[in-house]
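Below is one structure, written out as structure tokens; the observations come after it.
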Amino acid sequence: MNAARIASRVAASLLGGYAFVWGFVTLGIALGLAVGMDYDDARTLCNLLAFLVFLSCFCWAFAHASLARVWGVLAGGGLLMTGAAWWLLGTTAL
Amino acid sequence: MSSPVLLLLPAALASLAGMGWLALAMEDNWQRVHRDRPLRPGKSATLRCIGALAVAAALLLCLRADHPTMAVLVWVMSLSAAALAVTLLLAWRPTWLAWLCR
Amino acid sequence: MFSSFRLSMAWLHTWFGLVLGYVLMVAFFFGALSVFDREIDRWAIPESRFEPQPMPSFDKVLKPIFQSITPEDEELEAARERVGGPLPEKLPLMNWSAYTTHRDPVLSMYAEFAVTNNPNDPDEHVHGHVTIDPRSGEVLPHDRLKIGSGFFYPLHFSLHLEWQSLGYWIVGLAALVMLAALVSGVVMHRKIFREFFTFRPAKHIRRSTLDLHNLTGVLALPFHFIFALSGLTIFAGIYLPVSETMLKPQAQAHAMEEARAKGLAFKPSGTPAPMASVDAMVLEAKRRWAARDMPGEVGFLQVHHVGDANGYVSIYRAGSDRVALVGQAVHFEASSGRVILEEPPPTPVASINNFLTGLHLQHFRHWLLRWFYVLGGLMGCVCIATGFLFFVEKRKAQHSRQGSNASRWVDALAVTTVTGMVLAALAILVANRLLPVDLPHRGDWEQRFFWGSWMLACGHAVWRSAPVARGRLAPAWREQCWLIAALAVAAVALNWATTGDHLLSTLARGYWPVAGMDLSLLVCAGLAVAAALRLRRAERGSAAPAAAPEAAARDKLVEAPRV
């Protein structure tokens, strides 16, 4: 357990986790709007779930053995979801 | 809804008794209170049962005292407070809990 | 990195708990005090020591006062910085609002003014604020710091670090870590059900400290979890500002559509119009609430687009009898008094959110539940404090052999955050009574006393914790306990000396805000003395098992069960 790996895992848990949650919320709202949900409801629902999602990501970042996969899933997943949200919001003129 | 105090006081006592019975249903806690007698399995099951009933009774009393959203909070917090009280009694004055089960 | 799930959770719990525990302690302690924030205000502002009042007549009392409100100097300063230059000569008045709860004798009144020359933000605005005595309409002196609702309360969610909302982010991170610490703690705690009622104060210090840590964590676990989670969701707009960034077009479109659908204008029209009787609107709102089987008082009143044809008045019901905050708004057209809209019942999602928010912000009337909340908050403090103590106890023998100072520093920081924090809270109360009444910027001076005494406590803690590096108990704990007792008694005595409201008189007339404060201060002093005496016994280098701390000290973070 060297300092660099610890630092990387902490960063993954916090920054990667945040990226994942951002993607979750934006995609969640976009999907909610797409199925006709009221904006406030969609945003509130995603906010209510967001921190439980963050908690899960945060704990998983330490529990999972492969640091590379942690970064991949959290940061990568966050980017993918954010991208999907962007696309949904842009092209479908929600 | 009747006067809140008349309902909440019994509710608090029900929580306390309920937590006490649930605690005594465990071997280690029983031993602290009744050093001379072991805990029989049948007794343990009975204590768990009446403990659960007392806790449920506390909830019903809380629901009669307040709006449901508040009643649930009062009940959950009363269980925490009751468990804390039982734990401290077990640590320092275990004989005070003897009245719960002779 | 870790050989098992349990080990990974243990690492997370220990190291994140250690680093963020100091922040969490502040959030929990001042959060617990905030349950009675308005009562602390009454103690700190003797002019406001009267009974809670319903909202007075708008037309006769509030309107002239509203018209006299001007923007705050601090807000103008901040706006000048954001604009990057001088502000327009005349700042148009946008909104008025008045807010009260069943615990407030005084009424808070706010006015919002538009600042039109910020190129980056068309919605730039500043606020003005006064507090009044509703019985007479008298405006209270401006510089009376509301130590409870205006200092302790914001401290617990923002650490008074406003720059770039940094304090909010730090507390938010601490809340997330709290959630993770609870989850990881459950994972680590092998016998969580068997040891549910277990506390063994007579055993070795490490065992009894860990028992106490486990019990204060597990027994109030729902409380700790829900408060951390609800705190995060309350500020979700800060932590996840999607509506201001990626989803801004959608958010704005929705707001405008909603305003149009409800008939509530988003922007003023520019055409002036007189205002009808707001008192009549209040009567109508109350009538409608009673008709829906929820009679109530006005909790929040807002006038949008003051003096404009598009102006409307929103009247919200005070939620004293349920968990959700304020609600059941009725909106009136300002110029005619016609009802534009009665808010429909909230959606299921909104109801859940209202419940969580109201649970945390507690505007309900329920004294037993409030005291339960204080208990929960203090149990959280004990959990965090015993966490630090266990960390030090587990390592200090080893560190002293290795010649390391690490335990000493953790212990010194723990003293600062536990007893030091209590000292700072007491110091501001003492300063509140001692400072001259007419001192300019009195509130700022009170705050300086708070931060200054905390820093002094830190210095004292560092200075007096050398024995920890040798594996022994630091005298800093005991000494700060004595100081706590002295300051707490001093605060009560000063209250008597400067206001004449001594405990017997406040108890006799049943004025609980002040009586409760004085009683709590005396109980605090008693616990501190008990703790100090036990610590002295413990310090006399006895190798015997840990002395059993006071039962009540369990719920007071000044306790430090040590051998």
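Condition first: away from chain A (no Cβ under 12 Å) and over 19 Å from the mean Cα position of the chain (by Cα). Now tell me which residues in region C:156-186 satisfy that. Step through it out loud before you land on a result.
The initial filter retains those residues of region C:156-186 that are away from chain A (no Cβ under 12 Å), namely C:156-168, C:170-171, C:174.
Hit for region C:156-186 is C:Gln164, nothing else.
Can you find a residue that is under 29 Å from B:Ser78 (Cβ atoms), assigned by TED's automatic domain parsing to the domain that holds C:His102, among the aliphatic types (A, V, I, L, M) and at pLDDT 90 or above anywhere in region C:364-371? The answer is no, given that none of the residues of region C:364-371 is under 29 Å from B:Ser78 (Cβ atoms), assigned by TED's automatic domain parsing to the domain that holds C:His102, among the aliphatic types (A, V, I, L, M) and at pLDDT 90 or above.
Mind checking which residues of region C:393-443 are of a type in the set (Ser, Thr, Tyr), farther than 15 Å from C:Met455 by Cβ and either crowded, with 18+ Cβ neighbours inside 10 Å or at pLDDT 95 or above (or both)?
Residues satisfying the conditions are C:Ser400, C:Ser407.
Checked against (1) touching a residue at least 60 places away in the same chain (Cβ under 8 Å); (2) outside any loop (DSSP other than H, G, I, E, B), C:Ala424 passes all but condition (1). For region C:136-147, check the following and say yes or no: at least one residue is in contact with a Phe, Trp or Tyr (Cβ under 7 Å, 6 or more places away or on another chain) and part of a helix (DSSP H, G or I). Looking through region C:136-147, none of the residues is in contact with a Phe, Trp or Tyr (Cβ under 7 Å, 6 or more places away or on another chain) and part of a helix (DSSP H, G or I). Determine, yes or no, whether C:Leu215 is in contact with a Phe, Trp or Tyr (Cβ under 9 Å, 6 or more places away or on another chain), on the phi < 0 side of the Ramachandran plot and hydrophobic (A, V, I, L, M, F, W, C). Against the criterion (in contact with a Phe, Trp or Tyr (Cβ under 9 Å, 6 or more places away or on another chain), on the phi < 0 side of the Ramachandran plot and hydrophobic (A, V, I, L, M, F, W, C)), C:Leu215 qualifies. For region C:435-490, which positions are among the charged types (D, E, K, R) and assigned to a helix (DSSP H, G or I)? Those that are among the charged types (D, E, K, R) and assigned to a helix (DSSP H, G or I): C:Arg442, C:Asp444, C:Glu446, C:Arg448, C:Arg470, C:Arg478, C:Glu479.
Can we say C:Thr498 is surrounded by fewer than 21 Cβ atoms within 10 Å (Cβ to Cβ) and β-branched (Val, Ile, Thr)?
Details: surrounded by fewer than 21 Cβ atoms within 10 Å (Cβ to Cβ): yes; β-branched (Val, Ile, Thr): yes.
Yes; evaluated as a whole, the condition is true for this residue.
Table: residues versus (1) among the hydrophobic types (A, V, I, L, M, F, W, C); (2) out of contact with any Lys or Arg (no Cβ under 8 Å at 6 or more places or on another chain); (3) over 28 Å from C:Asn432 (Cα atoms).
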position	(1), (2), (3)
C:Phe113	yes, yes, yes
C:His127	no, yes, no
C:Leu140	yes, yes, no
C:Leu145	yes, no, no
C:Leu161	yes, yes, no
C:Val177	yes, yes, yes
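Take the conditions within 13 Å of chain B (Cβ to nearest Cβ) and farther than 30 Å from C:Thr498 by Cα and apply them to C:Ser351. Does it pass? In short, yes. With the structure loaded, tell me whether A:Ala61 is buried (at least 22 other Cβ atoms within 10 Å of the Cβ) and more than 17 Å from C:Leu247 (Cα to Cα) or whether it fails that test. Taking the combined requirement at face value, the residue satisfies it.
Against the test of being within 14 Å of chain B (Cβ to nearest Cβ), without any contact (Cβ under 8 Å) to a residue 60 or more places away in the chain and within 15 Å of C:Trp289 (Cα to Cα), the options C:Gly327, C:Gly358 yield a single qualifying residue, C:Gly327.
Got a sec? Which of C:Tyr153, C:Tyr168 is among the aromatic types (Phe, Trp, Tyr) and surrounded by fewer than 19 Cβ atoms within 10 Å (Cβ to Cβ)? Can you show your working first?
Working: C:Tyr153 fails: surrounded by fewer than 19 Cβ atoms within 10 Å (Cβ to Cβ).
None of the others qualify; the one that does is C:Tyr168.
Scanning region C:220-250 for residues that are more than 10 Å from chain A (Cβ to nearest Cβ) and more than 23 Å from the chain's Cα centre (by Cα) yields C:Glu244, C:Lys248. Is there a residue in region A:45-66 that is β-branched (Val, Ile, Thr), within 7 Å of chain C (Cβ to nearest Cβ) and at negative phi? Taking every residue of region A:45-66 in turn, none turns out to be β-branched (Val, Ile, Thr), within 7 Å of chain C (Cβ to nearest Cβ) and at negative phi.
Among the helices (runs of 4 or more DSSP H) contained in region C:16-90, which hold 3 or more residues that are among the aliphatic types (A, V, I, L, M)?
Values: elements: C:37-44, C:63-68, C:73-83.
Helices (runs of 4 or more DSSP H) meeting the threshold: C:73-83.
State yes or no: is C:Ala10 under 25 Å from C:Gly150 (Cβ atoms) and assigned to a helix (DSSP H, G or I)? No, not satisfied. Quick check on region C:393-405. Is at least one of its residues part of a helix (DSSP H, G or I), within 14 Å of chain B (Cβ to nearest Cβ) and touching a residue at least 24 places away in the same chain (Cβ under 8 Å)? No. With respect to the conditions (1) surrounded by 14 or more Cβ atoms within 10 Å (Cβ to Cβ); (2) more than 17 Å from the chain's Cα centre (by Cα); (3) closer than 18 Å to C:Leu369 by Cβ; (4) not polar (S, T, N, Q), B:Pro68 falls short on a single one, namely (1).
The values are calculated or read from the model by the stated rules, or taken from the named source; none is laboratory data. Please read these numbers as outputs of a predicted model, since none were measured by experiment. Quick reminder, even Gly has a Cβ in these numbers, built from the backbone with ideal geometry, and neighbours come from all protein chains shown.
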